[in-house]
Amino acid sequence: MNIGDKITWAYRLLFILMLIWLRFIEQYITIWGVWVVWAIVVFFWLFNPFKKRKATPKPPPKDQPQLMDVK
């Protein structure tokens, strides 16, 4: 999914959260609560801070000679 798709789904998510807020939780939480929840969800979705990063291969130690595959 590219960045344009993520932005499109981000504002769609805001629209859906607003509708849920109007229907169920308007009497308990102000509209700012929806904006805060939306901002947190979009941050985690766009930037994905807990994504497992690929390990970079470590170079062989300098004291051992390079091994060659001989057939």
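No value in this document is a laboratory result; all are computed from the given coordinates. Keep in mind it's a predicted model, so treat the numbers as computed, not measured. Here Cβ is always computed from backbone atoms with ideal geometry, including for glycine, and neighbour counts include all displayed protein chains.
Which semi-axis lengths, in whole Å and largest first, follow from the square roots of five times the eigenvalues of the Cα gyration tensor of the chain?
Numbers: eigenvalues 508, 37, 12 Å².
Calculated on Cα positions only, the semi-axes equal 50, 14, 8 Å.
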Sorted by Cβ density within 10 Å, fewest first, the residues Tyr28, Tyr11: Tyr28, Tyr11
Estimated distance in nm for a label pair at Asn2 and Met18, the labels positioned 7 Å out from Cα along Cα-to-Cβ: 2.7
In degrees, nearest ten, helix 3-20 long axis to first principal axis of the chain (Cα): 30
Helix-only mean residue ellipticity at 222 nm for the chain, each DSSP H run of n ≥ 4 adding -39500 (n - 2.57), per residue, nearest 500: -16500 deg cm²/dmol
Residue-span extension gain [Trp32 to Trp9] - 0.36 nm each, minus C-alpha spacing: 6.3 nm
